[in-house]
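The values are calculated or read from the model by the stated rules, or taken from the named source; none is laboratory data. As the structure is a computational prediction, the values presented were derived from the model and not from experiment. No Cβ is skipped: glycine too gets one built from the backbone with ideal geometry, and neighbour counts run over all protein chains shown. Please note that ligands, DNA and RNA were not included when accessible areas were found on the heavy atoms of the full protein model with its side chains. Shrake-Rupley method; radii C 1.70, N 1.55, O 1.52, S 1.80 Å.
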Amino acid sequence: LICLLILVREILNKKNPVVFAFQANIYCIFVCKLMNVKIIIRSNSSPSGWTQNIFKNYIFKKNFLKADKIIVNSLEFQKEFKKRFNIKTTCIYNPLNKKEIISKSKEKIDLNFLKKKKKLKILNIGRFTDQKDHLTLLRSIKILKEKYNLKFVLVIMGRGKNEKNIKNFINKNNLNQTVKVIGFKKNPYKYIKNCDLFVLSSRFEGLPNVLLEAITLKKFVISSNCPTGPNEILSHGKGGLLFQTENENDLVKKIIFYCNNKKKLNKKINFAYNNLNRFDYNKNLKKYFEIVKNLF
């Protein structure tokens, strides 16, 4: 509400403004149309995660149609938007600043958990919400610990409403020596650099930046094949491994496969890295600028 009041104030103080909304799109569209102002919206997560009933679908579609331009961040997302709402969108990938990521990754870490030698170091980064599905990841870790002779550690980075549930699962299943929850970090890149394997377990996404960041630092990626983004980033499995969403047994198989085929899978790391150019920082920011400019 405070942000919307500030938005109204800014509109009143500007001549012929264009509003660019990354969040709270429905509310921003309502305010802008009420005040006869042009608005560009950016939707950043798959509709399959937030349109679970007919009423919500109707509300979203009616309001999205009023926007002057809609941007999505993956081609899969664009197709889903068209199928669900029959609305044309523009795809602009998330701008990736490789130089910044590589530079910040050189800082030293203060986490001994990720310095353990002769152990597979797995990393997961994401908000502690249902969307990120940490419990599927933790169930897979439980299986790995109980059924396989594999030395490994898992670091989970993030914060959110599900933190208590995550820690309860770890305690209940005696995973404290295997899993470490470290909370939010301003510089996640130095932790990515010090891991062997990055795992994303989400139920849905848009275009997960964290996968791009892991690939930039040449880490092997295993991701859920959720809508949308991971499949596109990993080029249908050419740049990493995909497991069935919410399926811990499939994730276990992919982790074991990685452990048994590390040298062969280096080709996938290089393939993914060499295909990062489509996410280039300058290239995609120019696309944003052109859209804004054309509305004036």
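If I filter region 68-84 for residues that are surrounded by fewer than 18 Cβ atoms within 10 Å (Cβ to Cβ) and more than 25 Å from E290 (Cβ to Cβ), do I get at least one hit?
Yes, some residue in region 68-84 is surrounded by fewer than 18 Cβ atoms within 10 Å (Cβ to Cβ) and more than 25 Å from E290 (Cβ to Cβ).
Go through the residues of region 215-230 one by one and say whether even a single one is out of contact with any strand residue (DSSP E or B) (no Cβ under 9 Å at 6 or more places or on another chain), closer than 26 Å to F81 by Cα and surrounded by fewer than 22 Cβ atoms within 10 Å (Cβ to Cβ).
no
Output the number of the condition that L120 fails; it satisfies all remaining conditions of (1) under 30 Å from D68 (Cα atoms); (2) open to solvent by less than 30 Å² (accessible area, probe 1.4 Å).
Only one criterion is unmet by L120, namely (1).
Filter region 258-295 for residues that are open to solvent by less than 40 Å² (accessible area, probe 1.4 Å) and of a type in the set (S, T, Y); which is farthest from T90 (Cα to Cα)?
For region 258-295, the residue satisfying everything is Y258.
Here are N16, N44: which of them is in contact (Cβ under 8 Å) with a residue 40 or more places away in the chain, out of contact with any helix residue (DSSP H, G or I) (no Cβ under 9 Å at 6 or more places or on another chain) and either within 21 Å of T228 (Cβ to Cβ) or not β-branched (V, I, T) (or both)?
The match here is N16.
Just one of K142, K167 is more than 18 Å from I256 (Cβ to Cβ), open to solvent by 30 Å² or more (accessible area, probe 1.4 Å), in a helix (DSSP H, G or I) and among the charged types (D, E, K, R); which is it?
Residue meeting the stated conditions: K167.
Could you count how many residues in region 11-30 are surrounded by 12 or more Cβ atoms within 10 Å (Cβ to Cβ) and in a helix (DSSP H, G or I)? Please lay out each step first, then the result.
Here is the first cut: in region 11-30, the residues surrounded by 12 or more Cβ atoms within 10 Å (Cβ to Cβ) are 11, 17-22, 24-30.
Next cut, in a helix (DSSP H, G or I) only: 11, 25-30.
Qualifying residue count for the region: 7.
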